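Here, each number is a calculation from the coordinates, and none is a lab measurement. In this text the structure is predicted, and so the values were computed from the model without any measurement. Note: ideal-geometry Cβ built from the backbone for every residue, glycine included; neighbour counts use all protein chains shown.
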Amino acid sequence: MDDAQLEERVHECGQRLAAGLAGADTGGLRHPLAAGERRMMRSLIGDPRLRAALFRFVDVRPACHSRTELVRHLSEFLEEAGAGSGNARRLARLTGRRELTLPTAGAAGLGVASMAHRFIAGEDAQAAAPELSSLWEQGRCVTLDLLGEATLTESEGERYAQRCTQTLRALAQMSAGWAPNQLLEHDGLGPLPRANLSVKVSALTPHLRANAPERALSAARDRLLELLRLARELDAHLHVDMESLDTRESITELFLELLALDEFADGPPAGIVLQGYLTDSEEQLERLLGWLEQHPRGAPFTIRLVKGAYWDHEVVLAAQHGWRAPVFTDRRSCDRHYEHLTRRLLDARAGGMALRPAIASHNLRSLAHAIAYSDALGLAPDALELQVLRGLGDDTAAAIATYGRRVRVYCPVGDLVAGMAYLVRRLLENTSNDSFLAAQTTGADINLLLERP
Ligand SMILES: Cc1cc2nc3c(=O)[nH]c(=O)nc-3n(C[C@H](O)[C@H](O)[C@H](O)COP(=O)(O)OP(=O)(O)OC[C@H]3O[C@@H](n4cnc5c(N)ncnc54)[C@H](O)[C@@H]3O)c2cc1C
């Protein structure tokens, strides 16, 4: 298939996904708040002062113990943003009032809380169980992520490891009762575990910093080792998330070192995240593929390709130190590179590697490109996994499932306070002018959104 034919296929796949999205929209019954939230997102995109005010409000929301406090904070923040502005009035209308009166502000506070709940599946795995079962019934598999405060002490690291242990056990137990689903639990490389946990290695130790790698590795090693042993025992998948660049080397080295141990030769299935926004991500991918070739294991390895969630952090940090930014600073280059990495991953799978490519994005162009290229290589539909975040990618997940492809929903669990930092990051990311979801929210033409980057 030549370039032009591939482009044609990308557009066809993209249009099919978009049609699925439109269908998901009319089924807004699943999320009665979705339309209101979309209006709020539109307001946020166009008004930086309102964005700043609401982010500050969202931040203090869990610390508010009474409605009075809540109202006071919201009023103060909106006053700073110029409460008389059109968008502030729109926010008031969103909650059904003509003006932002005190009861309305309270309702907005509750709205923020319920919005956070859409992003967070529950306080823990048990609380999230009905939601996880329901996703499975709708043809979507899951991975769980435990939200928490920053790990500042060894006992907090230990506590996080214990929560991971409890979550793995709870997931294995609850998922045993789910109905069989061929697409979600098998591919050409063998069975796919129903229980799947995403772990943040920096939460396992307070010392994961580049200037103390030895200390960090020894502190996190034992905890990660135990989690791998438990995942093998329960036949679960353990995935390692990637965070800011200063921890990438320590995390990668530690994880690969442990997976290479004889005791893990046949399991568990495991995986790592590759951040395509890093300009050296191709070298990182080649390193991972080289490692896989040298360490053949009985259990497949998943590489989850994301763009990266710490773009602002990396850019600001580099500017502070007078370094060159380690990330692409032009959106189109970033997207082009993401497609390049997607093709490399799928080529490696087509070449016979025990590799599971997982394309994690809400960008229909990125997803459609992955599907079209995978088909062009002649790979079976189950060879490619697509992944989205709960709350942001619900409609996209529905569209992917309707398309007949495997979709995994990344479900954070934790309390509301811990969830706030997560919510703010997701909102900031997705109401920035550079985001695909922002463009989609403001009604951009699908043909333009599907154009080659
Ligand atoms: C299942 C799942 C798991 C994830 N796990 C991780 C993880 O472990 N680690 C992690 O870092 N992220 C993770 N993410 C978050 C992911 O990185 C963000 O969702 C993603 O960055 C948003 O990309 P998109 O393709 O959905 O949207 P798009 O709108 O297509 O892309 C937005 C992204 O482009 C990049 N970008 C923004 N502005 C610019 C610019 N000016 N120049 C160049 N690039 C720019 C940023 O990375 C931004 O997030 C995960 C996402 C999913 C769906």
Sequence-distant residues sharing a close amide H with VAL142 (under 5 Å, placed H):
VAL409
Region 121-421, relative contact order [Cα under 8 Å, separation at least 6], %
22
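Want the number for ALA380 to HIS117: 0.36 nm per residue separation, take away the alpha-carbon distance, what's left?
This chain segment gains 91.1 nm when fully extended.
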Per the Kirkwood definition applied to all pairs of different Cα atoms, how many angstroms is the hydrodynamic radius of region 333-394?
11.9
So what's the Cα pair-distance distribution over region 330-453, bin width 10 Å, in %?
12, 39, 35, 13, 1
Please report the antiparallel percentage of DSSP beta bridges with both residues in region 121-421, rounded to the nearest 5.
10
Once the dipole of region 121-421 is set up with Lys and Arg at +1 and Asp and Glu at -1 on Cβ about the Cα centre, which of LEU254, TRP323, GLY308 lies farthest towards its positive end?
GLY308
Amide H within-cut-off set for THR302, under 5 Å, with H built and near neighbours excluded
ALA270, GLY271, ILE272, ARG356
Need one number: nm distance between label points at GLN166 and HIS313, each 7 Å from Cα along Cα→Cβ, rounded to one decimal.
2.5
Once label points are set 7 Å from the Cα along Cα→Cβ at both ASP280 and ALA52, what is their separation, rounded to one decimal in nm?
3.5
Estimated D of region 121-421 in µm² per second, where Rh is the Kirkwood radius over Cα pairs and Stokes-Einstein applies at 10 °C, 1.306 mPa s
81
Label-to-label distance, nm, for residues given as ASP3 and SER155 (7 Å Cα→Cβ offset):
6.1
If SER202, SER333 are placed from fewest to most neighbouring beta carbons inside 10 Å, the sequence is SER333, SER202
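Contour minus end-to-end for ALA325 and ALA439, with contour as 0.36 nm per residue of separation and end-to-end as the Cα-Cα distance?
Values: separation 114, 0.36 × 114 = 41.04 nm, distance 2.50 nm.
Residue separation times 0.36 nm, minus the Cα-Cα distance, leaves 38.5 nm.
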